[in-house]
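Here's the structure, in structure tokens; my notes come after.
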């Protein structure tokens, strides 16, 4: 895997705390239906003392920029929604924190050059954040479906993620369908986990020869972001914080649980084979395979990924060498004849995914570049907003 496959990166964000400092030509934006000046009693007041009711725009670089005054509580707001838009690879490879900061600077220059809008992003809060790792698979995503079903089914109950094995075929903006596994912890402030076919998700935008999977964690709600990352202020985030949090979640959801599951599963398989040999020695191999297949259908995830997983467990049955060889060979023959799903080395596919999810404790990032001093934040914030506060009759609320 290349370096970007080994680290957690940021894609879509929804920011609060956007401050509109100035709009050069308000009439021009009104004519473009981007700005409303007199549609409400309460007005947003810029640093240069210009008033407007509502600003809303989006283009090829900005998903959505909105600013105005909430009708109910009369608080001002400024929000920005962004996502990665690489010209060659779309959002296959997302951004580090430092790269996202540069992306925001690009947006600032774009707003000024394209619309004559001067903004201040110094105090961005996070209302929503997508963090992911995207890496190549050795085969097609659909070939790993049994493995992903198993992974989702073993997510710990203590995670509060519901619908662990939920699978959907999702359509992208170009109408192409791709498979996605979902799990979600709530309705308003929540964590969402997704595993999906990134190669097909990008069809219509870019054609990839390699097979890619994305493991994505999305935090929704500023309070949820703060609980999970210990801050919801964008400029307090670092690549180290992002990676430590993401890797801890992956370890809890998948790596630790799969290790425990495999140990317990092996004991169940040994018990099952002993019971079937005692019940009916003549057909115990066929019966064992049938029970495992029926169980997979009933619970919608596999108990056995491949017949090869049974072979070291058969060694524990205490059979003599000649009989042991014959039993193993008969298991392989029966599976090859009538149970192809247990003969695709899905066990090796699972090992591949788990190995690629494991990362070094120390993540090589551009932390050296993250030494930009944004402190003292409170002092700078007050200095910037005091002129606005005097004119608005109170401090604007930055969410």
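The values are calculated or read from the model by the stated rules, or taken from the named source; none is laboratory data. No experiment lies behind these values; they were computed from the predicted model shown. Here Cβ is always computed from backbone atoms with ideal geometry, including for glycine, and neighbour counts include all displayed protein chains.
Taken across segment 70-78, residues that are closer than 30 Å to residue 203 by Cα, out of contact with any helix residue (DSSP H, G or I) (no Cβ under 7 Å at 6 or more places or on another chain) and in contact (Cβ under 8 Å) with a residue 12 or more places away in the chain do not occur at all. Condition check: under 17 Å from the mean Cα position of the chain (by Cα) and crowded, with 18+ Cβ neighbours inside 10 Å. Does residue 190 satisfy that? Spelling it out, it is not the case that residue 190 is under 17 Å from the mean Cα position of the chain (by Cα) and crowded, with 18+ Cβ neighbours inside 10 Å. Summed over segment 252-300, residues that are touching a strand residue (DSSP E or B) at 6+ places or on another chain (Cβ under 9 Å) and either surrounded by 19 or more Cβ atoms within 10 Å (Cβ to Cβ) or at pLDDT 95 or above (or both) total 2. Taking the condition closer than 30 Å to residue 137 by Cβ and touching a residue at least 40 places away in the same chain (Cβ under 8 Å), does residue 23 pass? No; evaluated as a whole, the condition is false for this residue.
Scanning segment 301-329 for residues being outside any helix (DSSP H, G or I) and surrounded by 11 or more Cβ atoms within 10 Å (Cβ to Cβ) gives a total of 8.
Residue 129 meets all of the listed conditions (1) assigned to a strand (DSSP E or B); (2) in contact with a strand residue (DSSP E or B) (Cβ under 6 Å, 6 or more places away or on another chain); (3) surrounded by fewer than 22 Cβ atoms within 10 Å (Cβ to Cβ) but one, namely (3). Beta carbons closer than 8 Å, at least 6 apart along the sequence or on distinct chains, pair a first residue in segment 220-231 that is in a strand (DSSP E or B) with a second that is surrounded by fewer than 20 Cβ atoms within 10 Å (Cβ to Cβ) for 220/128; 220/188; 220/189; 220/190; 220/192. Being touching a residue at least 40 places away in the same chain (Cβ under 8 Å) and assigned to a loop (DSSP other than H, G, I, E, B) is the filter here; which residues of segment 172-211 pass it? Of everything in segment 172-211, those that are touching a residue at least 40 places away in the same chain (Cβ under 8 Å) and assigned to a loop (DSSP other than H, G, I, E, B) turn out to be 202, 205, 206, 208, 210. None of 135, 148 is within 28 Å of residue 225 (Cβ to Cβ), assigned to a helix (DSSP H, G or I) and touching a residue at least 40 places away in the same chain (Cβ under 8 Å) except 148. Taking the condition touching a helix residue (DSSP H, G or I) at 6+ places or on another chain (Cβ under 7 Å) and surrounded by 15 or more Cβ atoms within 10 Å (Cβ to Cβ), does residue 62 pass? So residue 62 fits the description; yes.
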